[in-house]
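Following: one structure in structure tokens, then a few remarks.
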Amino acid sequence: MAEVKKDHLEIKFRLNDGSDIGPKSFPDATTVAALKETVVAQWPREKENGPKTVKDVKLISAGRILENNKTVGDCRSPVSNLSDAVTTMHVLIQPQLTEKEKKKKKKKPKGDLNQNKCVCLCFGRRL
């Protein structure tokens, strides 16, 4: 593994099928939005359902969804300071709804029978 500068963070992006993009070194000043641009640009073309835009990508690190305005330095954990440490960020793809899908979702009435509901029934025998 190449030597990583102290003000850089080595990051790999874990995709939903278990494969990875990277690892690659990013300066601490890199924003999460820039990381998402990297994911979109380096997404394997042979994989289906890839992100079309940065808005389709969510990055998770240490159990938190990262905000676009945060930097790599803000996401740094104590473990990332170890030599040869690679930070794994999980990638979630959540495509934006089209206008047609948004309208369809709004039209559903609240009392729709297709909604998931929980019902408890007690069948007791009286003696």
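HN-Hα J couplings of the range 8-14 from phi, Karplus 6.51/-1.76/1.60, θ = phi - 60°, integer Hz, Gly and Pro as x?
So the Karplus estimates, Gly and Pro as x, are 10, 10, 7, 10, 10, 10, 8 Hz.
For E46, E37, give me the order by solvent-accessible area with a 1.4 Å probe, most accessible first, ignoring ligands, DNA and RNA. Don't jump to the answer; show the numbers that get you there.
Details: E46 150, E37 105 Å².
Output order, biggest surface exposure first: E46, E37.
With viscosity set to 1.306 mPa s and temperature to 10 °C, compute the Stokes-Einstein D of the range 34-81, Rh being the Kirkwood radius across alpha carbon pairs; µm²/s, no decimals.
Numbers: Rh = 12.1 Å.
Once the numbers are plugged in, D ends up at 131 µm²/s.
Give me a comma-separated list of calculated 3J(HN,Hα) values for the range 47-57, in order, Karplus coefficients 6.51, -1.76, 1.60 applied at θ = phi - 60°, integers in Hz, x for any Gly or Pro.
Each residue of the range 47-57 in turn: 7, 7, 6, x, x, 9, 9, 5, 5, 7, 9 Hz.
Evaluate the relative contact order of the range 8-93 (contact order divided by residue number), counting alpha-carbon pairs under 8 angstrom at least 6 apart; express in whole percent. All intermediate terms of the calculation are to be shown ahead of the outcome.
Working: 140 pairs, mean separation 35.5, N = 86.
Dividing the mean separation by the residue count of the range 8-93 yields 41 percent.
Please report the base-10 log of the normalised intensity I(q)/I(0) for the range 8-93, using a Debye sum with one equal scatterer per alpha carbon and no solvent, at each q in 0.14, 0.20, 0.21, 0.25 (1/Å).
The Debye formula, applied to the Cα set alone, gives -0.42, -0.88, -0.97, -1.38.
Given the whole protein assembly as supplied and a 1.4 Å probe, what does the accessible area of I65 come to in Å², nearest 10?
Roll a 1.4 Å probe over it and I65 shows about 100 Å².
The values are calculated or read from the model by the stated rules, or taken from the named source; none is laboratory data. All values derive from a computational prediction rather than experimental measurement. Calculation scope for accessible area: heavy atoms of the full protein, side chains included, ligands and nucleic acids excluded. Shrake-Rupley method; radii C 1.70, N 1.55, O 1.52, S 1.80 Å.
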